[in-house]
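The next block holds one structure in the form of structure tokens; read it before the comments.
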Amino acid sequence: MSKQEFLTRLRKGLSGLPQGDIEERLAFYSEMIDDQMEEGLSEEEAVSAVGTVDEIVTQVVAETPLAKIAKERIKSKRRLSAGEIVLLTLGSPIWLSLGISAFAVILSLYISIWAVIVSLWAVFVSLAACSIGGVLSCIIFAIGGNVATGIAMLAAGIVCAGLSIFSFYGCKAATKGILILTKKMAIGIKNCFIKKEEA
């Protein structure tokens, strides 16, 4: 792919971003390709060294704040007619309440997922505390002369320690998964605002 083809595809991929940001990114990648060519690479090799257009677009969208993308997308390309304004006003009790409801449902689902993660971490902390309590109880019962109960408390403490170790790795994996899901959701929401306009 030539440099010009690459920049044209990149411009098309970034079409939903503010024009200033698009020009800044195009200038950056153009200069990067030129630098690669000055180091002795051919034009095609320099373009391929920069990366694919899809990877770059995904990275740029992930780095751009949602408010900036939404503001650019909401900018009106034309003035609304009087009929459109009347329809928007009359329909607002329906579309506004549906929009608020959809937002509330999505937010409650997201909060519920994080509540499960917090609960899992609470279980881990409880098991860790029980293991420490079991060992301390063992010492107290052993000093008091009740050795059998002390051994039972030590066994319970060891079991809780083992369960806390397993639950730690489970909680860590679940938290990492939710963070990845959150990042993908944010990129998905941003991509909704950057719909590619077909020519």
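For the reader, a short list of remarks on this structure follows.
- When residues of the range 104-157 are limited to those that are of a type in the set (S, T, N, Q) and surrounded by 12 or more Cβ atoms within 10 Å (Cβ to Cβ), the one farthest from residue 173 (Cα to Cα): 146
- Which listed residue, of 75, 71, is at pLDDT below 85, within 31 Å of the chain's Cα centre (by Cα) and exposed (fewer than 10 other Cβ atoms within 10 Å of the Cβ): 75
- Residue among 105, 123, 147 that alone is within 28 Å of residue 179 (Cα to Cα), touching a helix residue (DSSP H, G or I) at 6+ places or on another chain (Cβ under 8 Å) and not acidic (Asp, Glu): 123
- Residue ID - surrounded by the fewest Cβ atoms within 10 Å (Cβ to Cβ), chosen from residues in the range 40-62 that are among the hydrophobic types (A, V, I, L, M, F, W, C) and either at positive phi or touching a residue at least 60 places away in the same chain (Cβ under 8 Å) (or both): 62
The values are calculated or read from the model by the stated rules, or taken from the named source; none is laboratory data. The structure displayed is predicted, hence computed values, not measured ones. Glycine gets a Cβ as well: all are built from the backbone with ideal geometry, and neighbour counts include every protein chain shown.
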